[in-house]
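Each remark here refers to the structure printed beneath this line.
Derivation of every value follows stated rules applied to the coordinates shown; laboratory data play no part. From a predicted model like this one, the values you see are computed outputs, not experimental measurements. For neighbour counting, all protein chains shown are included, and Cβ atoms are generated from backbone atoms with ideal geometry for every residue, glycine included.
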Amino acid sequence: MTALDASSRIAADTSMASPDRRRRPLTPGRVLSYAALVLVAVCYLFPLAFLLNTALKSSEAFFADPGAVVTSPQWGNFADAWVQGNFGAYLLNSVLYTVGAAAVGTAVSLFLAFPVARSYVAHPRLWNALFVVLLFLPNALITQFQLLLRLGLYNTQIGYIAIMAAGVGIGPILLAGYIKSIPVELDEAAAVDGCGYWRYLMTFVIPMARPALATVFILQAIGVWNDIILATILLPDPAKSPISLGLYAFKGTYTNDWPLLAAATMIVAAPLLAAYVFLQRYLVGGVVGSVKG
């Protein structure tokens, strides 16, 4: 046997044995971890399954046994809920508010996070602590109402977008952590080449921080899409209402139409669920990168 044949045989044996070597043993710790993951998944999926089960029932079947599994699905509940909730008119408003407020809020988060992450401002640790403290402060409804009223932006779409965009939440914290993973030498090289602050931010930082920016955008979009309180206070005109306010159409004085309300809730939540399915890799990538940074 030649040396070439021997090396080929060894390589073949190695490639055949590698899957077995890569297979990790099933230890009690791994079993407990998988069991915990299954339990968490059930805790999150059960309310969604219960909501769907309720949405497919008739009113008579629901009041007869609310917890029973549906046997004759009433798919027409979704069409009835769409019409009764006037979701066709509210959907465009919600898309406008969500995209506009999330885009502006993400930009504000970046403009706040970059100088703090690079220590281009005094006392960066104090700024980081301030970002964390802001997460625990209550919503100043009266102040926001008075602010928009005096600016002449009350009951306007621009005013509502501005208020929702101002609630940056965890955005600056995530972006500051992610930006710290970008080498500082890039800043110095760009400065030597004559690249200005804003040009560097737009042409270098934004492309490199795309996963974190996508994460912040998604988190802010979820908050805007699900908002009910601020929309009720700041947008009294029904023509400017977001899709979440369409749920009020199913609330009666003495009783509620629970199957239609469940169907309407599924309609409101469906865009967010679809967006999460398609954008979850950006969400995970942005959070992991921010933690590493």
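What FRET efficiency would be calculated for the residue pair Arg30, Tyr276, taking the C-beta separation as r and a Förster radius of 22 Å, to the nearest 0.05? Don't jump to the answer; show the numbers that get you there.
Working: r = 27 Å, r/R0 = 1.23.
So, using R0 = 22 Å, E works out to roughly 0.25.
Quick one: compute the contact order of the range 74-191, relative version, from alpha carbon pairs under 8 angstrom and 6+ residues apart, as a percent.
Working: 66 pairs, mean separation 49.1, N = 118.
Dividing the mean separation by the residue count of the range 74-191 yields 42 percent.
Would you please put 28-39, 111-122 in order of how densely packed they are, using the mean number of other Cβ atoms within 10 angstrom per residue and starting with the highest? Before the final figure, lay out the partial values.
On the way: 28-39: 9.8, 111-122: 17.1.
By packing density, highest mean first, the sequence is 111-122, 28-39.
Which whole-number percent is the relative contact order of the range 88-292 (Cα, under 8 Å, 6+ apart)? Each step should come with its number before you reach the end.
Numbers: 209 pairs, mean separation 70.7, N = 205.
About 34 percent, as a whole number.
Classify the chain as rounded, prolate or oblate, taking a ≥ b ≥ c as the square roots of the eigenvalues of its Cα gyration tensor: rounded when a/c is under 1.5, otherwise prolate if a/b is larger than b/c and oblate if not. Working shown, then result.
Values: a/c = 2.59, a/b = 1.18, b/c = 2.19.
Because a/c hits 1.5 or more and a/b fails to exceed b/c, the chain counts as oblate.
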